[in-house]
1. Each residue of region 29-40 in order: what ³J(HN,Hα) in whole Hz does its phi give by Karplus 6.51 cos²θ - 1.76 cosθ + 1.60, θ = phi - 60°, with x for Gly and Pro?
2. Give a residue-ordered list of calculated ³J(HN,Hα) values for region 9-22 (Karplus: 6.51 cos²θ - 1.76 cosθ + 1.60, θ = phi - 60°; whole Hz; x for Gly, Pro).
3. Give the long-range amide H neighbours of VAL120: residues separated by 5 or more places, or on another chain, with amide H under 5 Å away, using H modelled in the peptide plane at 1.01 Å from N.
4. If you consider only alpha-carbon coordinates, what radius of gyration and Dmax does region 2-47 have, in Å?
5. What relative contact order, as a whole-number percentage, does the chain give when Cα pairs under 8 Å and 6 or more residues apart are counted?
6. For a quick check: with amide H placed at 1.01 Å from N, whose amide H comes under 5 Å from TYR113's, ignoring anything fewer than 5 positions away on the same chain?
7. Cα atoms only: what Rg and Dmax, in Å, come out for the chain?
8. Can you work out the PRE-style zone for ALA101? Point 7 Å along Cα to Cβ, and I want the residues of region 65-80 with backbone N under 20 Å.
Amino acid sequence: QVQLVESGGGLVQAGGSLRLSCAASGRTFGNYVMGWFRQAPGKEREFVQAISWNGGTTYYAGSGKGRFTISRDNAKSTVYLQMNSLKPEDTAVYYCAASAAVVVGSRPEEYDYWGQGTKVTVSS
């Protein structure tokens, strides 16, 4: 089992920045691909970004490309999502997830463990 706890969400004005963190516990963090997803009210869960076990490969969705950056610190068992130039359409609950797969994936079904989410609200 892997337990994931997100933090860092909140209310920010458009154009602002937030850094989300996801702390993992349980099995060896470095064995897992880590991803960030988001879900806005009334919408399906959407892939944001993912990162390989050693940080060597990252995978970006179109919505955050150029504005969001995923990173990880295996020594701290933590994955981060730096979000810059935030827009009102970025408003959502953001979830981190862990995948035991070898490749970095973008589909929710590829991920085995999920956090409970942290809410991000971007005001215009």
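Coordinate-derived values only; no laboratory data. Quantities reported herein were computed from a predicted structural model and do not represent experimental measurements. Counting neighbours? That spans all protein chains shown, and the Cβs are built from the backbone with ideal geometry, glycine included.
1. For region 29-40, the Karplus curve yields 4, x, 8, 10, 6, 10, x, 10, 10, 9, 9, 8 Hz.
2. Whole-Hz 3J(HN,Hα) from phi for region 9-22: x, x, 9, 9, 7, 3, x, x, 10, 9, 10, 8, 10, 9.
3. GLY10, ALA92, VAL93, TYR94
4. 13.3, 37
5. Once divided by the residue count of the chain, the mean separation gives 36 percent.
6. Placed amide hydrogens put ALA98 under 5 Å from TYR113.
7. 13.3, 41
8. 65, 70-72, 79-80
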